[in-house]
1. Below 12 angstrom from the Cβ of Ala356, what's the summed charge of the other residues (Lys, Arg +1; Asp, Glu -1)?
2. Find out how many positive minus negative residues lie around Asp106, taking Lys and Arg as positive, Asp and Glu as negative, among other residues whose Cβ is under 12 Å from that of Asp106.
3. Using r as the Cβ-Cβ distance of Ile327 and Met1, and R0 as 35 Å, what FRET efficiency do you calculate, to the nearest 0.05?
4. Normalised by the residues of the range 235-369, what does the relative contact order come to in percent, with Cα pairs under 8 Å and at least six apart?
5. Around Cys392, with a cut-off of 11 angstrom between Cβ atoms, what is the net charge of the other residues, counting Lys and Arg +1 and Asp and Glu -1?
6. Before rounding to the nearest 500, sum -39500 (n - 2.57) across all DSSP H runs of length at least 4 in the chain and divide by the residue total; then give [θ] at 222 nm in deg cm²/dmol.
7. How are the Cα pair distances of the chain distributed, in percent, across 20 Å bins from 0?
8. So what is the relative contact order for the range 363-419, in percent, with contacts set as C-alpha pairs under 8 Å and at least six apart?
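Since every read-out is calculated from the coordinates, none of them should be taken as a lab result. Keep in mind that this is a model prediction, so the values were computed, not measured. We place every Cβ from the backbone using ideal geometry, glycine too, and count neighbours over all the protein chains shown.
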Amino acid sequence: MHILVLGAGVIGITTAWYLRQAGHTVSVVDRQSAPAMETSFANGAQISVSHAAPWATPQAPMIGLHGMGNSTAPVRFSPTVNHRQWRWMGAFLRECLPGRMRRNTDTLARLAVCSHAELQLLRRSLAMHYMHAGSGILHVFFERRELDRANARAQWLLAHGIRSEYCDAARCIDIEPALASTTRKLAGGLFAPNDEVGDACEFTRELAQACVDAGVTFHFDTTVDSLDIQNGRVRGAAVRDARGTRGLLRADEVVCALGSHTRRLVEQHGPRPALYPIKGYSITFPAGPNAPRVSITDEEHRIVMSRLGDTMRVAGMAELGSVTTDIEAPRVELLTRLVRELCPDIGDTSAAQPWAGLRPCTPGNVPLIGRSRIPGLWYNTGHGSLGWTLACGSARLLTDLMDGVQPAIDFPWLDGSRH
Ligand SMILES: Cc1cc2nc3c(=O)[nH]c(=O)nc-3n(C[C@H](O)[C@H](O)[C@H](O)COP(=O)(O)OP(=O)(O)OC[C@H]3O[C@@H](n4cnc5c(N)ncnc54)[C@H](O)[C@@H]3O)c2cc1C
């Protein structure tokens with residue numbers, strides 16, 4: 001079968017790899033000049049299996065209200081007149097119900113465990129580097145109540161084989177001595193020793209090169225304008241190159257992995273996938289001599305920090321209502337201040353490279369994987385805050401679905417009723 005993959009982010013490239021390994025002829029198209037130039041470019045770098053949790057929780061509506069129009073809140077909500085935003089928020093609020101949160105957490109945990117195993121296999125078989133480190137992730141908390149709530153969640157994740165150690169403040173500092181100089185009062189933390197970090201952009205580019213070597217064809221600098229639909233079936237995509245020359249890319253099946261841009265493409269043909277962008281920021285700068293070696297997540301401010309070789313990557317902020325990747329200096333300053341409060345000796349933040357990306361979010365954080373309502377079109381998108389963690393598993397499972405093989409995990413695969 002000839003399969004056309006739309007999008008060369010971490011999701012599109014992993015999809016191309018697994019489809020090619022299954023024996024298909026694969027082409028990939030992307031509007032950028034190289035893989036991973038958009039949301040997969042400078043994310044938080046965490047393979048966070050222990051925290052593959054939905055953002056929609058019973059506490060989320062209060063966090064959202066606090067951040068309404070508040071420019072200094074890490075989670076910021078700017079209401080717009082856009083009906084898509086309100087429809088998405090209505091769906092998000094439904095997913096905050098305890099039963100739904102629990103179901104979404106179980107689904108994400110299954111996918112994260114499967115994805116982690118696939119990533120490890122791939123790393124070994126292709127001898128990949130991508131600044132990978134397996135030193136675990138430490139989630140730190142400043143309020144006892146939040147720590148206890150997270151610990152209760154960690155207990156139910158044990159059923160999925162996901163292990164975290166409950167730590168008091170002293171044990172957190174044992175695990176990561178950089179926390180000794182924090183200016184805030186630590187309540188404690190949860191340490192997930194099996195979690196990892198690695199540069200998603202470098203991984204995507206290494207894997208894209210392996211795809212080229214395996215015979216995958218790439219069309220960069222090529223924008224997809226619409227799907228080519230004949231007699232109700234997708235036959236390919238209508239594209240435009242950098243000089244504006246229009247053309248058609250034909251295929252037997254098409255996989256849409258356009259991240260936050262999926263909705264804009266498919267809406268013109270009828271389906272309205274429940275996807276909305278949530279903007280985030282990162283800064284990357286030279287690590288100081290006492291910078292953390294273990295990846296840290298500050299749950300209260302929703303920031304993560306990961307060491308990638310000699311540099312530190314700090315990522316965070318969640319903005320609903322910003323649909324561009326423009327960099328707002330006050331948001332970068334806030335991120336810098338928060339990380340310096342947590343780890344004053346982290347490194348030279350004055351040399352930081354700022355970046356912003358749009359997380360492609362579904363209301364319950366569960367990605368859209370499987371057959372769309374339009375024959376011939378498949379989705380692998382909507383991975384929100386967890387695309388790097390979930391990429392390899394999502395791509396492997398989609399490949400199984402397309403080949404008619406029973407996928408290894410129970411998952412709400414897409415069918416007509418999901419849209
Ligand atoms: C601040 C931040 C921190 C994060 N931290 C983490 C983390 O620590 N761990 C984790 O697991 N996840 C993290 N994520 C989430 C993760 O980065 C995303 O889920 C993931 O990158 C999404 O990948 P994607 O391939 O779906 O989208 P993208 O990487 O955006 O890829 C989509 C591709 O489609 C192309 N495209 C779009 N429209 C068109 C068109 N019309 N024609 C042709 N090409 C088009 C784009 O050029 C792009 O290459 C973070 C995200 C952010 C913003």
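1. Summing Lys and Arg as +1 and Asp and Glu as -1 gives -1.
2. Result for the local shell: +4.
3. Calculated value: 0.25.
4. Across the range 235-369, relative contact order equals 29 percent.
5. +1
6. Value at 222 nm, helices only: -10000 deg cm²/dmol.
7. That works out to 28, 60, 13, 0, in percent per bin.
8. About 39 percent, as a whole number.
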